[in-house]
1. If we sort 69-81, 125-137 on the protection proxy, mean other Cβ atoms within 10 Å, highest first, what's the order?
2. Taking amide hydrogens as modeled 1.01 Å from N in the peptide plane, which residues meet the under 5 Å criterion relative to residue 3, leaving out close sequence neighbours?
3. What is the extension gain from residue 21 to residue 4, computed as 0.36 nm multiplied by their sequence separation minus the C-alpha to C-alpha distance, in nm to one decimal?
4. Taking 7 Å along the Cα-to-C-beta vector as the label spot, tell me the residue 150-residue 49 distance in nanometres, rounded to one decimal.
5. Would you kindly state how much longer the chain becomes between residue 139 and residue 79 on full extension, computed as 0.36 nm times their sequence separation minus their alpha carbon distance, in nm to one decimal?
Amino acid sequence: MKKSCQNCGYENAEKDKFCRKCGTKLVEIKKIDKEKSEPLEKEPVEYKKPEPINKREKTPILKDNYEIPSKMILGISFVALIISIAAISSAFLVSPSSLSASTVKTEALANDSVTGEKVADGTITDSAYREFQESKKILLLEIKLLIIQFLFHI
């Protein structure tokens, strides 16, 4: 039996795998008897929805599972405390022009605590002013010490 080329129709020998005229690969075609063949029965197939590959539990991001670390809170409060101390210290250490030694008014006559001299109404001596400034510095140092003791539980 000869093989016929599907491309050009040339009759080739049965043992040939390629057409001798055009070079196309020869395919062997078998005839099937309709009487002998049995129809294929198709079985009904049920469709199943595929499950998602990555199943993740839905968790709220910033509600119940979010915990602020205690070290972070301590650090933030410490920085805020230092800033407030610096602000208070600068307010006490900077003397406004109204507190100069010659213009601060007092309510009554007083004695200078250092020299014992009488001071006129409406004035303050240099020594009293210096004593006032020193007491402010001591007070601020004591406040800072108390804060440090509180923070570090000394």
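1. Sorting 69-81, 125-137 by mean packing, highest first, produces 125-137, 69-81.
2. Result for residue 3 returns 12, 13, 14.
3. Working it through step by step, the gained length comes to 5.0 nm.
4. A separation of 6.0 nm, rounded to one decimal place.
5. This chain segment gains 19.5 nm when fully extended.
Every number in this text was worked out from the coordinates using simple rules, so none of it is lab data. No experiment lies behind these values; they were computed from the predicted model shown. Counting neighbours? That spans all protein chains shown, and the Cβs are built from the backbone with ideal geometry, glycine included.
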